[in-house]
Amino acid sequence: MEEDDDMLPGYSIELLEEKVSCSAAELLAGLKECGAFEFVPGRWAVLTPASEFEILEDIVVSMMAEGMKHEAIDLQRLIKATSSPYLKSAVSHCFNSYFKKITSPPVPGATHAFLPAKYCVLLARKLLLQKPAWNKQVMLKAWRSLAREEFEPALSMLNGLAIVIGDEIKWYPEYRLPMDPQERFGQLFQQKAKWSRAELLPYISKLPISVEDLLLQWALLSKNADGEEVITERAL
């Protein structure tokens, strides 16, 4: 495959340092946080969602063919069994992102565990990029179909990626919101009048102010009839 089809444009650290005001350590941390990887020495890029999905499909198919359970993966064996047309560095990046090392193997030879929740989020992104608004039941059916019977999607996995309003699931990624707290809270409450803490937290936790201070200034906290916390807009 052509490099440009697989990844968003690659940049050198030197070029990025010219464009952003932060230390080299902060820049590297930011690159890793946004899912970037060094695909050739000195150049960093981000996989397109379609490419990431295709690589993970290759990995999951191989995992199932080898009879491995997601909580007990012989990683080196799985790497050898996985065939992909993508760059080796891109495939390695996906292995690093979707598997974690385990210290107490449940079966002999297991070294890692697959991260099914993260994989389910990737599947949800695929669906939401195809269509930004879904009927909840229709999307859950399509989501479960992509996940096969191996993994179980849950609406809570969509927090920070999409919002659920009644019977609708709507694409609403956190990174598209403004960094100004007042503007961000204004847009959030335009979308939904009432939020749970679990729903709201992914949309405000990256702001450079503590979550509790943000809620104190821009939101009202109350309890509903079931005793659950409800977050609503604070009148200014």
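The values are calculated or read from the model by the stated rules, or taken from the named source; none is laboratory data. A quick note: this is a predicted structure, and the numbers were derived from the prediction, not measured. All Cβ positions, glycine included, derive from the backbone under ideal geometry; neighbour counts span all protein chains shown. What goes into the accessible areas is simple: the full protein's heavy atoms, side chains included, and nothing from ligands, DNA or RNA. Shrake-Rupley method; radii C 1.70, N 1.55, O 1.52, S 1.80 Å.
What region 1-108 shows is 60 Å² of accessible area per residue, with the surface traced by a 1.4 Å probe over protein heavy atoms.
Can you give the extra length, in nm with one decimal, that the chain gains between R43 and R77 once fully stretched, where that is 0.36 nm per residue apart less the Cα-Cα distance? That pair, R43 and R77, stretches by 9.4 nm at full extension.
Among I73, I163, I209, the residue with the largest mean-square fluctuation in a Gaussian network model of the chain, with springs joining Cα atoms closer than 10 Å, is I209. Could you tell me whether region 64-126 comes out rounded, prolate or oblate from its Cα gyration tensor? Rule is a ≥ b ≥ c as square roots of the eigenvalues, rounded for a/c under 1.5, then prolate if a/b exceeds b/c, otherwise oblate. It comes out oblate by the Cα gyration axes. Kindly provide the Kirkwood hydrodynamic radius of region 160-210 in Å, to one decimal, from all pairs of distinct alpha carbon atoms. Hydrodynamic radius (Kirkwood, Cα pairs) of region 160-210 is 11.3 Å. Rolling a 1.4 Å probe over the protein heavy atoms gives region 109-236 an accessible area of 55 Å² per residue.
Quick check on my link table: of K126/K192; K136/K170; K32/K69; K118/K206; K19/K100, which ones sit more than 21 Å apart, alpha carbon to alpha carbon? In this structure, K126/K192; K32/K69; K19/K100 exceed 21 Å between Cα atoms.
For K141, the aspartates and glutamates whose Cα falls under 13 Å of its own Cα, not counting residues fewer than eight places away in the same chain, are E149, E152. Out of [x] 17.7, 54; [y] 20.2, 60; [z] 22.2, 89, which label holds the value of Rg and Dmax of the Cα atoms in Å that was computed here? Identified label for the calculated read-out: [y]. Here the dipole of region 107-236 is about 480 debye; that uses its Cα centre as origin and unit charges on the Cβ of Lys and Arg (positive) and Asp and Glu (negative). Using a 1.4 Å probe on the protein chains only, how many percent of the accessible area of the chain belongs to carbon and sulfur? It is 54 percent, rounded to a whole number.
Taking every DSSP helix (H) stretch of at least 4 residues in the chain, weighting each as -39,500 (n - 2.57) and dividing the sum by the residue count yields a mean residue ellipticity at 222 nm of -13500 deg cm²/dmol.
Here the simple spin-label model places points 7 Å from the Cα toward Cβ, and for V107 and E212 these points are separated by 4.6 nm.
For the residues D213, D74, a 1.4 Å probe over the protein chains yields an accessible-area ranking, largest first, of D213, D74. Placing unit charges on the Cβ atoms of the charged side chains and taking the dipole of the chain about its Cα centre, the candidate lying farthest along the positive direction among Y98, Y175, L216 is L216.
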